[in-house]
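J.: Questions regarding the structure given below will be posed in turn.
The values are calculated or read from the model by the stated rules, or taken from the named source; none is laboratory data. As the structure is a computational prediction, the values presented were derived from the model and not from experiment. All Cβ positions, even for glycine, are placed from backbone atoms using ideal geometry, and neighbour counts span all protein chains on display. What goes into the accessible areas is simple: the full protein's heavy atoms, side chains included, and nothing from ligands, DNA or RNA. Shrake-Rupley method; radii C 1.70, N 1.55, O 1.52, S 1.80 Å.
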Amino acid sequence: MDIPQFANPFIILLISPLILGGWYAIRKGIPKLIIISRLIILSLLIIALAEPFTMSASSVRDEVPKVTIVSDQTMSMDLFNKDTGGKIFEAIKSKTPTTARQFAGIKSPIGDEVIQDAEGNNNIVLVSDGNNNYGKDLFDAISFVSKTGTRVFAVKQAPIHNDASVEIESAKNLIIGNENVFNIVVRQAGNETSYRLDVEIDGASVKLPDESKNVVQTERTKVIPVSATFNTLGTHKVTATITPNGEDWFKLNNVFYKSVFVVPKPKVLAVTADTGSPLYTVASSLYQVTTLNSVPDDLSPYKAVVIDNKGAGQLSADSLSKYVGSGGGLVVVGGDAAYDKGSYNNSPVEAILPIISRAAEFKGGENIIILMDTSGSTTGGTGPGVNEAFPDINANARKIVDTSDFGGHVGVIAFGGTIGAIEFTPITSASDKINLENQIEKFYPGGAQNPTNLDAAFAKALKILDSVSGEKAIIVISDGQVDKGVGIKQIKDLISQKVQMRFIQILSSYETNPKPNENYEELAINANTHVEVLNPGDRLKITKEEKPGATPTPTPTPGIEQFGIRVVNPDHFITKYINLTASITGYNPVTPKLGSDMLVAIATRGDPILTTWGFGLGRVASFTTDNGNPSGNTAWASAVYSGENSRLIASMINWAIGDPRPKEGVVIQAEDIWGGTPGRVVVTSNTLPQVKLDGAPLDLSRTGPTTYESSVNLEKEGFHDISGYGIAVNYPLEYRDVGFNDKLISVIESNGGRVYDEKDVEGLLLLDIKEKAVRTVEEPKSEKEPFLLAALGLFLTEIIVRRLKDYRKERPVIEENPPRTAPAVSVAEPVAAE
């Protein structure tokens, strides 16, 4: 219960003199009970006079909701119809208060526009490609304004022109003699384009596969890795060019320049007793490695320290803390003597690491509820060409079980007149799947009169899913014969609980152009999806995410449990564009600390394998499986150190190293820049440096004892020189991300909005806005009534008690058994004789 507040709190102070007066009256001999009663009554009245209240939330519907059409007119929108926003404005302005706003230019501050137009109780319709490249992050902005009561909608436009852009992604400072991967990223606005790709390094063409002469791209973004090894120090120039064969609206984004700086191999300390491990092999091939069995006091010569399977008692926490805090890199690799097996928990060493060395509560993998239609309609009917749908419903349910991941749970609910269920079954082995499939096979449909009782099935599924945590999903398999509107309320409850839903319709006879049942499709739309229609004999397509060119996962060793690992954060330097297909047979259980980044985890359980964070000025990575030595005591992770998977190890150590250049003399750091966007130049030097940009002196401002900074804004695309350190200038950032940003859909829908296709927007937009135009307001609710009623009740009680006492005093006392006396006898006096 909320604690009341008071509109006139100072009135409550009157209770103090009231208490003093009561005490004085008691001293004068007035009955105590009467005084106490009157004190309580008057105190309650005083509290009521102070006007107590609580804040109460209530829902208010806006019958004429306010709408703001925000139309993006920036340069990247040239690929779309720029009149769409105006048409929407004209269509709804006469039906509800509507405002139109536009923004234009060579930058897209969409997030800033959303925040600027939010009023707390209005609706924003975003007509944009969703590619924010300046100011407040768009997705953060949508989340923020949604919490204030503003709802955000959007229009997904199909591009009327296609365009392709190219970008090179790689580290800026590279190490001599090491193989480096330049990821050539090609983005397109449409669904198909073809082009020729050419790559040059220092003016010489790089030999590419023959297919690069005519790349056919059907995905929105394609990544083409190009490897190169540099054997000379200093600046090197990389150029990628695409030559589209078809329509290409913008020409300036077809060339990308990348400047890299090659440095000597950095010094890395490996604290290990196992110089035959794959970890040591990878590190010694990439860096200048020194091997010791313990941590020395002076770590300053090294750019990073790699600790391999050492207990906390073998490590100097003070030396490591000072080293990392001053800018050093630290990688701690697990094994049978590290983390939980090395007494890390609550140790000084653990304070440096991004993890707590004990297992977190297992939240489980994906939890799936299969809803099987066993109603009478699934048994088919009479006449030629009519088949039963139920055998295919049953077979597809069993296929879902067969393809489910280990570590999760699967439950089954059969609906059709009565509700039957198989409670959640943990999937930990192949035998669990077989047992569950055998139980599903025993389900059979009811009679022809049994209805499709879908709403009850949804309610039961929600109750089951409420008992678990982790990812939750419901897959409905039906013949689609459902009543209109049945289950919609339950679906909205499920969606609000972040339950993913999938609707499958099994046709009872083969159709060349299968279409979903309208009522069934309505259910799917309310779950933010669509019905998947299967002909008789078809089976669900359940695909696992695979990436082209990935190294095949090693064959598991019979009798040893295998744990697949997956990238959790694909946008981090370490994991970006890395295809992980390896499995491990063991790991150290840990829990990520608040503020850390978990990058790689066990695929089914979610347990951390690679976790990072910043400590002081340095970087720390916890790799909680072993060094990959198949002859070691654990032999957990040999597959991680082979093939494509081994890039994870190199990227992890490279990230910990940071800038591989030695901190000697004048060190210049400057990233490549986009046209029209200022770049930052940082110079580290013990003396005032003399730095030139393309031969002209560069003005520097001192920002620290040994650091100097400057801002450069170069318009000319191509390569530039800063005293021997190269930088590149490319086309404006506005032209990199082309086409509609599909991530916008999930962000808007998760915040209560909706994204429309152009053909649907005018008909559905206003209806949805009015339906969602319900806002919660907090209003004061008076709480004086309970105090007044209490005072009145107490006063009446006092009167009743006093009346009863008075009544008893006034009523005569009648004896029920009075004492019995002898009757009076008259005695005559004697008469005197005459």
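J.: ³J(HN,Hα) across region 628-644 via Karplus (A = 6.51, B = -1.76, C = 1.60, θ = phi - 60°), whole Hz, x for Gly/Pro?
T.: Those phi angles translate into x, 6, x, 9, x, 5, 9, 6, 8, 10, 4, 5, 5, 9, 10, x, 4 Hz.
J.: I need the shape label for region 126-275. Rule: rounded when a/c is under 1.5, else prolate if a/b > b/c, else oblate, with a, b, c from the alpha carbon gyration tensor.
T.: It comes out oblate by the Cα gyration axes.
J.: Could you work out how far apart the two model spin labels at SER56 and SER642 are, taking each label as a point 7 Å from the Cα in the direction of the beta carbon, and quote it in nm?
T.: 7.0 nm
J.: OK, next. How would you rank 653-659, 780-786, highest first, on the average number of other Cβ atoms within 10 Å across their residues? Please report the intermediate quantities before stating the final value.
T.: Working: 653-659: 21.3, 780-786: 14.1.
Most protected by this proxy first, the peptides run 653-659, 780-786.
J.: If you don't mind, there's one more thing I want to ask. Can you tell me the FRET efficiency between LYS781 and ARG803 if r is taken as the Cβ-Cβ distance and R0 is 51 Å, rounded to the nearest 0.05?
T.: Using R0 = 51 Å, I get an efficiency of 0.90.
J.: With every protein chain present, what is the per residue accessible area of the chain (1.4 Å probe, Å²)?
T.: On a per-residue basis, 51 Å².
J.: Starting from the amide H of ALA421, placed 1.01 Å from N in the peptide plane, find each other amide H under 5 Å away whose residue is 5 or more places distant or on another chain.
T.: ALA414
J.: Using a 1.4 Å probe on the protein chains only, how many percent of the accessible area of the chain belongs to carbon and sulfur?
T.: C and S fraction of accessible area: 53 percent.
J.: Same structure again: Short version: ³J(HN,Hα) in whole Hz for each residue of region 749-754, in order, from phi by Karplus 6.51 cos²θ - 1.76 cosθ + 1.60 (θ = phi - 60°), x for Gly and Pro, what are they?
T.: Ordered by residue, 3J(HN,Hα) equals 5, 6, 10, x, x, 8 Hz.
J.: Which order do the peptides 498-507, 194-203, 479-488 take when ranked by the mean count of other beta-carbon atoms within 10 Å per residue, highest first?
T.: Going by the mean number of other Cβ atoms within 10 Å, highest first, we get 498-507, 479-488, 194-203.
J.: Which value, in Å² and to the nearest 10, is the accessible area of ARG220 when all protein chains are kept and the probe is 1.4 Å?
T.: 70 Å²
J.: In nm, what is the difference between 0.36 nm times the number of residues separating ILE40 and ASN245 and their Cα-Cα distance?
T.: Gain on extension, ILE40 to ASN245, equals 64.7 nm.
J.: If you don't mind, another one. Taking θ = phi - 60°, what integer Hz values does the Karplus form 6.51 cos²θ - 1.76 cosθ + 1.60 yield along region 801-806, in sequence order, with x for Gly and Pro?
T.: 4, 5, 5, 5, 5, 4
J.: Of the listed peptides 290-302, 367-379, 336-348, 663-675, what is their order by residue-averaged count of other C-beta atoms within 10 Å, with the highest listed first?
T.: 367-379, 336-348, 663-675, 290-302
J.: For VAL295, list long-range residues whose amide hydrogen, built 1.01 Å from N in the peptide plane, is under 5 Å from its own amide hydrogen.
T.: Amide H to amide H, under 5 Å and 5 or more residues apart or across chains, VAL295 pairs with SER316.
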